[in-house]
Amino acid sequence: MSFIAINDLVKKLINKSEPKKNNLKNGKIYVKIKRQDDINSKPYYQEFLIPYKEHMNVIMILMYIRENPVDIDGNEVKPVAFEASCLEEVCGSCTMVINGKPRQACSTLIDNLEQPIIIEPLSKFKVIRDLIVDRSKMFEGLKKVRAWVDIDGTYDKGPGPTYSQEIQQIRYSLSRCMTCGACLEVCPQYNDITNFVGPYALAQAYLFNLHPISKNFEKHRLNYLISKEGIANCGNAQLCVQVCPKSIPITDAIAELNNSITKYLLSLLTR
């Protein structure tokens, strides 16, 4: 069984074994949502009581409030702004902090949560409104590590270069990243003081270093990763792998990058 299959199986078993924690208030779900009217406003909390339905997820709560924007005291309020797209834990857009942990609202079941259910936006990003955050700096990080494959005519048309099944499996596991931001939320080294590019970008740098065409830019990536924004900022807290919804082996990728950087620096000394 592959590394990814084992990780996914463990994750499913943990979720299945998690006890039901629902403490309903008269058949309703007690929810507290951290809100912010715009990017310059001060945040505040609003409380809601939501009718319970079996197999509800957090997205269903937010959709109910959108259709029935009434708080716990019966006051009509503005609908809660949030992002969602695929509703099957693929796009990452609905990632938010739920009961203190970054999770995808579409795959987080109400039955597995303590009440009150506290829903907050990701704290490592600027809040645009309510639960919507600006993730643009994640894409800036991907630009810095050249997380793409250049189509430059290096190879003739037709079948391209191949790589081993082992490398295919590693690349597949790394390619599952959906830039949800969960790893950045829990990373103690990712902040405005260190300017650390973050664990997701390190994993993607390793992914593209393994590509037969994109590896031509390996030195570019390694030069960036030895800068003040790079790999030296990683404190090996390993929280990123604990919250990653896709079980991406981020710390394994970082370890391999460390090896590559060491060899690269030694090669510079022996020139």
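Go through the stretch 56-99 and count every residue that is under 25 Å from ALA182 (Cα atoms), outside any helix (DSSP H, G or I) and among the hydrophobic types (A, V, I, L, M, F, W, C).
Going through the stretch 56-99 one residue at a time, the tally reaches 13.
Look through GLN115, GLN168 and report the one residue that is touching a Phe, Trp or Tyr at 6+ places or on another chain (Cβ under 7 Å) and surrounded by fewer than 18 Cβ atoms within 10 Å (Cβ to Cβ). Walk me through it before giving the result.
Details: GLN168 fails: touching a Phe, Trp or Tyr at 6+ places or on another chain (Cβ under 7 Å).
The unique qualifying residue is GLN115.
CYS106 passes all but one of (1) in contact with a helix residue (DSSP H, G or I) (Cβ under 7 Å, 6 or more places away or on another chain); (2) on the phi < 0 side of the Ramachandran plot; (3) not assigned by TED's automatic domain parsing to the domain that holds PRO79; which number fails?
Going through the list (1) in contact with a helix residue (DSSP H, G or I) (Cβ under 7 Å, 6 or more places away or on another chain); (2) on the phi < 0 side of the Ramachandran plot; (3) not assigned by TED's automatic domain parsing to the domain that holds PRO79, CYS106 breaks only (3).
Filter the stretch 249-271 down to the residues that are part of a helix (DSSP H, G or I) and touching a residue at least 60 places away in the same chain (Cβ under 8 Å), then identify the one that is nearest to ALA205 (Cα to Cα). Full working, then the answer.
In the first step, residues of the stretch 249-271 are kept if they are part of a helix (DSSP H, G or I); the result is 250-269.
Filter again for touching a residue at least 60 places away in the same chain (Cβ under 8 Å), leaving 250, 253.
Details: ILE250: 11, ALA253: 9 Å.
By that ranking, first place goes to ALA253.
Quick one: in the stretch 212-245, of everything that is of a type in the set (S, T, N, Q) and within 23 Å of the chain's Cα centre (by Cα), which residue is farthest from LEU202 (Cα to Cα)? Step through it out loud before you land on a result.
From the stretch 212-245, those of a type in the set (S, T, N, Q) are 214, 216, 223, 227, 233, 236, 238, 242; that's our starting set.
From what is left, the residues that are within 23 Å of the chain's Cα centre (by Cα) are 233, 236, 238, 242.
Details: ASN233: 11, ASN236: 13, GLN238: 13, GLN242: 16 Å.
That would be GLN242.
For every residue, the table says whether it meets (1) under 19 Å from VAL243 (Cβ atoms); (2) more than 11 Å from the chain's Cα centre (by Cα); (3) surrounded by 15 or more Cβ atoms within 10 Å (Cβ to Cβ).
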| position | (1), (2), (3) |
| --- | --- |
| VAL70 | no, yes, no |
| ASP73 | no, yes, no |
| GLU76 | no, yes, no |
| PHE82 | no, yes, yes |
| GLY92 | yes, no, yes |
| THR95 | yes, no, yes |
| PRO102 | yes, no, yes |
| CYS106 | yes, yes, yes |
| ILE110 | no, yes, yes |
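The values are calculated or read from the model by the stated rules, or taken from the named source; none is laboratory data. Nothing here was measured: the structure is a model prediction, and the numbers come from that model. Note that we place each Cβ from the backbone using ideal geometry, even for glycine, and neighbour counts take in every protein chain shown.
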